[in-house]
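Below: the structure, in structure tokens.
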Amino acid sequence: MNEEGWYVDLFGRHEARWISGGSPTALVRDGGVEARDPPPDEPITSEMVPWAPGPRHDGGDLKRADDAESQVFDPQKPTQAASIAIDESTGF
């Protein structure tokens, strides 16, 4: 095992842990902030998964613009249009 880089924390304490030479190090990352937390003295029982920032999903909730089932945007629909209060006297 010669993996090196950020991996999902094998111990579940942090988002990611730096792996060097296949071994977990004290360098960890949570919310883009790096810190140090020595790995616990317990055997690794989970598979190493490379870590990637941001949400992980399969894209199943995305729609193509040319999808026949996509709704046409209607700015008058309160579920699609943002509600913005405008003072008639100032225009803001």
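If the segment from F11 to M48 were pulled out straight at 0.36 nm per residue, it would be longer than the present Cα-Cα gap by 12.3 nm. Here the Karplus curve 6.51 cos²θ - 1.76 cosθ + 1.60, taken at θ = phi - 60°, turns the phi angles of the range 32-37 into couplings of x, 9, 8, 8, 10, 8 Hz, with x standing for Gly and Pro. Fewest neighbouring Cβ atoms within 10 Å first, the residues V8, V33 line up as V33, V8. Under a 5 Å amide H cut-off, with hydrogens placed 1.01 Å from N, D37 pairs with L27, V28 among residues at least 5 apart or on other chains.
Residues whose amide H comes within less than 5 Å of that of A16, counting only those at least five positions distant or on another chain, are D9, R29 (H built at 1.01 Å from N in the peptide plane). Annotation: the residues I44, I19, sorted from fewest to most other C-beta atoms within 10 Å of their own C-beta, follow the order I44, I19. Set the Cα radius of gyration of the range 1-52 against 2.2 N^0.38 Å, with N its number of residues, and you get 0.99. Coupling constants for the range 9-22 follow from the phi torsions by the Karplus curve (6.51 cos²θ - 1.76 cosθ + 1.60, θ = phi - 60°), and in residue order they are 4, 5, 9, x, 8, 9, 5, 9, 9, 6, 10, 10, x, x Hz; glycine and proline get x.
Since every read-out is calculated from the coordinates, none of them should be taken as a lab result. Worth saying up front: this structure is predicted, and the values here are computed from it rather than measured. Neighbour counts run over all protein chains shown; Cβ positions are idealised from the backbone, glycine included.
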